[in-house]
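The values are calculated or read from the model by the stated rules, or taken from the named source; none is laboratory data. Since we're looking at a predicted model, the values are computed, not measured. Cβ sites come from the backbone with ideal geometry, for glycine too, and all protein chains shown count toward neighbours. Ligands, DNA and RNA are stripped out before the accessible areas are found, and what is left, the full protein with its side chains, is counted by its heavy atoms. Shrake-Rupley method; radii C 1.70, N 1.55, O 1.52, S 1.80 Å.
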Amino acid sequence: MRYQPIENYGVIGDLNTVALVGMDGSIDFMCFPEFNSPTVFAALLDHEKGGRFRISPVLPGARQKQLYLPDSNILLTRFLSGDGVAEISDFMAIEEEGRQWHDLVRRVKTVRGEVRFQMVCEPRFDYGRRGHRVERGEKEVRFLPEGEGLSALRLRSEVPLHVENGAAKARFTLRAGETASFLLEEAKATGESPSSGEGYASSSFKSTLNYWRRWMGRSSYRGRWRETVNRSALTLKLLTSKTHGSIVAAPTFGLPETIGGERNWDYRYTWIRDASFTLYGLIRLGYTEEAAAFMRWIEARCGELRPDGSLQVMYGIDGRHDAREETLPHFEGYRKSSPVRIGNDACNQLQLDIYGELMDSVYLYDKYGQPISHDLWTDLVRLIDWVCGNWSREDDSIWEIRGNRREFLYSRLMCWVAVDRGIRIARKRSLPAPLDRWHGVRDAIYRDVFDGFWDARRGTFVQYKGGTSIDAATLLMPMVKFVSPVDPKWLSTLGEIGKNLVDDSLVYRYRESAGAAPDGFTGIEGSFTMCSFWFVECLSRAGEVRKARLFFEKMLGYANHLGLYSEELGPSGEHLGNYPQAFTHLGLISAAYQLDLRLTEAGG
């Protein structure tokens, strides 16, 4: 297969970057050394030009299996055959305090029989745009990229290596119980690498396993679906920057929402939109340190408001503002889905909903974490004042459409949240604020939602003012406490969503064929997995607990073999879009938490 299914990959990482490991033992995607660095392996986006790091046993017809070691992000890939059993342990060593090295460890073992292996490590630097030269040393090979600004790589090996066309290769045989290790690391000009010591592969394996198990032990979740929630938590931790405290929406770019389509985006950024969902998920699971680190990142962004008090939609994980979009025309794209884009021009869009999500995150942290600072509150007053003056504008919506702007219900809803949460914080903390103005704006938005977005004929709230279509983002209305989850108008809307956007348990964001705002692209996308979990939570809050549980269990069946989710699902359950997606796993955690609570209350 030139391209493995997206769901065939596991993910490993060191809180700086991640690598995608296929069931065939090939690492086909890795940005290095940071999430937002250029790729060194990108065969997932171009089979010929992307580069890979593959280790494969010569066992024709072997069955391939993958699992994580319990409560960890150490991945085990197994090959089962009547002629032998082989396995590869993959992990990235977690950086100790003060340690600046980044490395990937691959341990190969024969469990039964005598197995021949093939290894090829062929990096392609700078998204495959730069060449490199190779230097050989004793039991190691160094890959030196052309030009400046890119990290060199060193591959250490316990078996002999040879160089062929810029790639390091090896062929070796292991008998039952024998192992061989490969270490790919950043090759720095000064200092001695920790991996140069004897037994590093074994010692780093133990220390990394202990790190993940200690971290998992801090979780306070004790409800149903504990193993599933724990895997989602571990995945979110992998997507978190240890340096900056921010979380990338997904660690990949260019994976299509439709095979052969053009909705191929770069998600290696931190969206303001994700903030409240992230903080909610972290706090609910007891990860207050991570919530505090992300809150510091949010506070820094609020200290960088534009002169008028507005925010960007997204930022780099380190807070950078520039996300200029460009294409990589030399990459054919996953299964020829082009163009392959890096950067994201959505950073320049007007998306009014982000202010509600930001203020909700601040409100949650102030309530369940630590009281916010004077400086942050001063910045937030400016921000809320901007919302008060701009809430009625047309914008590009949560779905980042690249068509014509509209007055979107969800944007209006979250402007209400922004002002409402500001009022709540000011009252609780007795903080200075123009409350009379804020109260007036909040109530005006409330009335506008019911007057301008309610379709009395169909009995539903609509996607945009003057339209007739339905939007899955409306599912957030009861979740942000704008409307009661059992209000007759909401229950009628929930029923219309079920009729028009739900296919079995799968929920689509909107349907252009039913009059939704055009997003500016051709083709039909898959169902949006995050929205499916929102639907489950809304059913649960509305009292339909049995139906919610059935739909939730069905959605768990769409996870890949490791419990991971991409952004979307295709008609036959194939994973689409960037992978793994933080928002999907946050939606799962929230739905599991609420459903478990409702089941317990119902005595089920």
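In segment 541-585, how many are part of a helix (DSSP H, G or I) and either open to solvent by less than 10 Å² (accessible area, probe 1.4 Å) or of a type in the set (Asp, Glu) (or both)? Write out each step before concluding.
Filtering segment 541-585 for residues part of a helix (DSSP H, G or I) gives 541, 545-556, 582-585.
Then drop every residue that is not either open to solvent by less than 10 Å² (accessible area, probe 1.4 Å) or of a type in the set (Asp, Glu) (or both), which leaves 548, 552-553, 555, 582, 584-585.
Matching residues across segment 541-585 total 7.
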Pairs only if they're at least six apart or on different chains, beta carbon under 8 angstrom, first in segment 482-505 and touching a residue at least 12 places away in the same chain (Cβ under 8 Å), second surrounded by fewer than 16 Cβ atoms within 10 Å (Cβ to Cβ) and among the hydroxyl-bearing types (Ser, Thr, Tyr); list them, first residue then second. 490/484
Does segment 455-471 contain at least one residue that is charged (D, E, K, R), under 29 Å from the mean Cα position of the chain (by Cα) and either surrounded by fewer than 17 Cβ atoms within 10 Å (Cβ to Cβ) or at pLDDT 95 or above (or both)? yes
Flag for residue 108 being under 24 Å from residue 187 (Cβ atoms), hydrophobic (A, V, I, L, M, F, W, C) and more than 27 Å from the chain's Cα centre (by Cα): yes
Contact list, first residue from segment 347-358 and closer than 14 Å to residue 323 by Cβ, second anywhere and open to solvent by less than 10 Å² (accessible area, probe 1.4 Å) and assigned to a helix (DSSP H, G or I), beta-carbon distance below 8 Å, six or more apart or interchain, is 351/411
Residue identified as of a type in the set (A, V, I, L, M, F, W, C), open to solvent by 10 Å² or more (accessible area, probe 1.4 Å) and closer than 21 Å to residue 307 by Cβ among 399, 416, 391: 391
Among the residues of segment 594-602, are any modelled with pLDDT under 95, open to solvent by 10 Å² or more (accessible area, probe 1.4 Å) and of a type in the set (Gly, Ala, Ser)? yes
Give the number of residues within segment 127-151 that are in a strand (DSSP E or B) and either surrounded by 16 or more Cβ atoms within 10 Å (Cβ to Cβ) or not basic (Lys, Arg) (or both). 10
Right, residue 536: buried (at least 19 other Cβ atoms within 10 Å of the Cβ) and either in contact with a Cys (Cβ under 7 Å, 6 or more places away or on another chain) or of a type in the set (Ser, Thr, Tyr) (or both) or not? no
It is to be established whether one or more residues within segment 225-233 are aromatic (Phe, Trp, Tyr), in contact with a helix residue (DSSP H, G or I) (Cβ under 6 Å, 6 or more places away or on another chain) and either farther than 27 Å from residue 325 by Cα or part of a strand (DSSP E or B) (or both). yes
State whether one or more residues within segment 487-496 are more than 25 Å from residue 556 (Cα to Cα), open to solvent by 30 Å² or more (accessible area, probe 1.4 Å), outside any helix (DSSP H, G or I) and among the acidic types (Asp, Glu). yes
Residues of segment 442-454 satisfying the condition of being open to solvent by 10 Å² or more (accessible area, probe 1.4 Å) and either part of a helix (DSSP H, G or I) or under 25 Å from residue 386 (Cβ atoms) (or both): 442, 443, 444, 446, 447, 448, 450, 451, 452
Can residue 95 be described as farther than 17 Å from residue 40 by Cβ and modelled with pLDDT under 95? yes
Residue by residue through segment 232-246, note down the ones that are closer than 17 Å to residue 284 by Cα, of a type outside the set (Ser, Thr, Tyr) and crowded, with 20+ Cβ neighbours inside 10 Å. 233, 234, 236
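Do the conditions hold for residue 291, that is, is it open to solvent by less than 30 Å² (accessible area, probe 1.4 Å) and within 30 Å of residue 570 (Cβ to Cβ)? First the steps, then the outcome.
Numbers: open to solvent by less than 30 Å² (accessible area, probe 1.4 Å): yes; within 30 Å of residue 570 (Cβ to Cβ): no.
Taking the combined requirement at face value, the residue does not satisfy it.
Examine segment 262-269 for a residue that is assigned to a loop (DSSP other than H, G, I, E, B), farther than 15 Å from residue 320 by Cα, open to solvent by 20 Å² or more (accessible area, probe 1.4 Å) and without any contact (Cβ under 8 Å) to a residue 12 or more places away in the chain, and state whether such a residue exists.
Taking segment 262-269 and keeping what is assigned to a loop (DSSP other than H, G, I, E, B), we get 262-265, 267-269.
Of the ones still in play, those that are also farther than 15 Å from residue 320 by Cα are 262-265.
Imposing the further condition that a residue be open to solvent by 20 Å² or more (accessible area, probe 1.4 Å) reduces the set to 262, 265.
Cutting the leftovers down to without any contact (Cβ under 8 Å) to a residue 12 or more places away in the chain gives us none.
No, segment 262-269 contains no residue that is assigned to a loop (DSSP other than H, G, I, E, B), farther than 15 Å from residue 320 by Cα, open to solvent by 20 Å² or more (accessible area, probe 1.4 Å) and without any contact (Cβ under 8 Å) to a residue 12 or more places away in the chain.
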Going residue by residue through segment 243-261, is there one that turns out to be closer than 30 Å to residue 550 by Cα, at pLDDT 95 or above and part of a helix (DSSP H, G or I)? no
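Being buried (at least 20 other Cβ atoms within 10 Å of the Cβ) and at pLDDT 95 or above is the filter here; which residues of segment 322-331 pass it?
Answer for segment 322-331, where residues must be buried (at least 20 other Cβ atoms within 10 Å of the Cβ) and at pLDDT 95 or above: 328, 331.
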